[in-house]
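Readers should treat all values here as calculations from the given coordinates under stated rules, not as data from a laboratory. What you are looking at is a predicted structure, and each value in this text was computed from that prediction instead of being measured. Quick reminder, even Gly has a Cβ in these numbers, built from the backbone with ideal geometry, and neighbours come from all protein chains shown.
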Amino acid sequence: MSRAYHEHGTNANCILAKAGGNAYIHAMSKTLVVIPTYNEADNVREIADRVLASAAVHLLFVDDNSPDGTGRMLNDLAARDDRVHVLHRPEKAGLGRAYIAGFKWALDRDYDLVMEMDADLSHNPDDIPRFLGAAAAADLVLGSRYINGIRIINWPLERLILSKAASLYVRLITGMPFSDPTGGFKCFRRAVLEAIDLEHIRSNGYSFQIEMTHSAWMKGFRITEIPIIFEDRRSGCSKMQSAIVREALWMVVKLGFRRPARGGSGNGGRPAHG
Ligand SMILES: Nc1nc2c(ncn2[C@@H]2O[C@H](COP(=O)(O)OP(=O)(O)OP(=O)(O)O)[C@@H](O)[C@H]2O)c(=O)[nH]1
Ligand SMILES: [Mg+2]
């Protein structure tokens, strides 16, 4: 049975690609790992195999019509394994839009936990069980490269400096006490995604990660950081651009203005390192 869905324009209705399938699949597992892809043909088979071997999870790839044939490969993976699903979007619209589509897909089904993860193997699938364990006592689990030192393999120095500077900038301007607010390996409880107005999340690159965490923090959800080791991509091309950095600079300033409004319960935004 095919697990491929097509999203047309900004309308999030999903249509099963092949006739005869059931579009509303009963989830065997309650965790969905969402992986956005754009030109990741070298990586998708390995990431799918390793994620599925790591824990009892389902996988949703969100592909933006990658020109390198990633979408076709994902359809093959989905056809072979019921745990794998693919949401096809018509054109490259950025990582943030892809995640929002994936989150809505998850909320339309009965997933309790929704994870974010890159396709390029920078995030180690073997860490997934630790995220699920930490989510037992938290609403949002953040993977951090910067707990007790720096855990990054093969990054150029300028990339590291940019990432560390971004973390400091976010902390100073927004007051969020997290060590790695731009990271993209994380696990949301369903209630967090339900509470955030996903239609109003506008940012895409680094700032998408910051804005989602900031929204959860403002609402008083319990947020925990766990250490992860991050490795630079070995295959495929980076989608990192200077526009993504500029977007983050402005977004953080906007978030800084929301600071006094923070309320709610939870852990007061204190990171509970696990
Ligand atoms: N669907 C979709 N996925 C995207 C888009 N841009 C990036 N991605 C995916 O988002 C994830 C993170 O993108 P990366 O290019 O690895 O960005 P990065 O991790 O900041 O930078 P590098 O690892 O240095 O390349 C990868 O799985 C990409 O394939 C997009 O516009 N649409
Ligand atoms: Mg990457």
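Listed from fewest to most Cβ neighbours within 10 Å, the set Cys237, Cys187 follows the order Cys237, Cys187. To the nearest Å, what is the center-to-center distance of the stretch 52-70 and the stretch 141-201, using C-alpha atoms only? So the two Cα centres are separated by 22 Å. Taking label points 7 Å from Cα along the Cα-to-Cβ direction, Glu91 and Phe257 give a separation of 3.0 nm. Residue-wise HN-Hα couplings along the stretch 134-141, as the Karplus relation 6.51 cos²θ - 1.76 cosθ + 1.60 with θ = phi - 60° gives them from phi, are 5, 5, 5, 10, 8, 8, 9, 10 Hz; Gly and Pro carry x.
The count of lysine pairs in the stretch 4-260 whose Cα atoms are under 17 Å apart, excluding pairs fewer than 8 places apart on the same chain, comes to 5. The stretch between Val245 and Arg171 holds 25.0 nm of extra length on full extension. This uses 0.36 nm per residue minus the Cα-Cα distance.
As a proxy for reagent exposure, Leu168, Leu160 were ordered by neighbouring Cβ count within 10 angstrom, fewest first; the result is Leu168, Leu160.
Here the residues Trp217, Trp250, Trp105, ranked from fewest to most Cβ neighbours within 10 Å of their Cβ, fall in the order Trp250, Trp105, Trp217. The modelled label-to-label distance for the pair Leu160/Cys237, using points 7 Å beyond Cα in the direction of Cβ, is 2.7 nm.
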